[in-house]
Amino acid sequence: MAASRGLVVFGVNALRVRTCFLQGGRRGPVPAVSFSSAAGSHEEKLKSRQAEMMSRGLPKQKPIPGVKHVLMVASGKGGVGKSTTAVNLALGIAASDHVKAVGLLDADVYGPSIPRMMNLKGNPEVSDRNLMIPLVNYGIQCMSMGFLVEETAPIVWRGLMVMSAIERLIRQQVDWGELDYLVIDMPPGTGDVQLSISQNVPISGAVIVSTPQDIALLDARRGAEMFQKVNVPVLGVVQNMSVFRCPKCDHETHIFGADGARQLAATMGLDILGDIPLHIKIRETCDSGTPVVVSDPESNEAKAYMGIAQQIISKISK
């Protein structure tokens, strides 16, 4: 009732103030008001406000302290192996002789998978500066919302809360130290997270991951075009699950189609960075927290990731 009374009183007071204002401080009948002129005035103010906001332009990009290059691994659609690709590419980049330190940020707040794939658990420690210290495995510094919540707990947040969490993980509350590369595993789609990170952080390049399936390629194209519109260099396309190779007889079958991502890349003037086969070893090693690049570096699957990682380093270093 108190809240209701407060609203009523506020409404009465507002009406009194408005009445007094319209009468120039005199009491008495309220004179007629021209609604057409009021509407016109409102439209003019709105146009003026819009022009002012547009003149401000995009937010100024601020680098992440200590980080030389930021690489975004993205996809327009979920379920195409983006996180698996991000993990193995981070490990492949770290294996280069010219790279000293690599970080991996899990920006998929609603479905964090980096903790499981990198075999990491527990809460990050806090430094003397009250900053979280990334957890480390296989020489990769990792940060994820999965370290801060229960593994099976749903994260039910609205967009503003998600953006605040991403900003804290990127810059405000994490001590990344000195990194040559920070690989960001992006959430699927072309939403707030992609736009915010692209506009607020200098990005060295983005990698689009897609299967050869037509429905996945439609969303992959949207993702690539979004990055182009916000002036993020698209380094190329990774064709994931390009071919199924039987572990017993090595027979190859194109389950999701053949060369779809290559055709998309050619249409958009992009490079194909490489093909990753659909192989049970890739799935098993990531599920067990031992990605194929570190658990079986001499395998054809690991060499495919390593080849893509070297192309990324070469493109960014130009």
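General observations
- Shown here are the Rg and Dmax of the Cα trace of region 184-259, at 15.1, 49 Å.
- The Kirkwood hydrodynamic radius of region 79-181, based on inverse pair distances between different Cα atoms, is 14.3 Å.
- Heavy-atom accessible area order for Glu151, Glu284, largest first, 1.4 Å probe: Glu151, Glu284
- Ranking Leu278, Leu218 by solvent-accessible area of protein heavy atoms (1.4 Å probe, all protein chains present), from largest to smallest, gives Leu218, Leu278.
- ³J(HN,Hα) computed for each position of region 230-244 - Karplus, 6.51 cos²θ - 1.76 cosθ + 1.60, integer Hz, glycine/proline x: 9, 6, 9, x, 8, 6, x, 10, 9, 8, 8, 6, 5, 7, 8
- Heavy atoms of Ser295: accessible area, 1.4 Å probe, square angstrom to 10: 60 Å²
The values are calculated or read from the model by the stated rules, or taken from the named source; none is laboratory data. This is a predicted model, so every value here is computed, not measured. All accessible areas refer to the heavy atoms of the entire protein, side chains included, with ligands and DNA or RNA removed. Shrake-Rupley method; radii C 1.70, N 1.55, O 1.52, S 1.80 Å.
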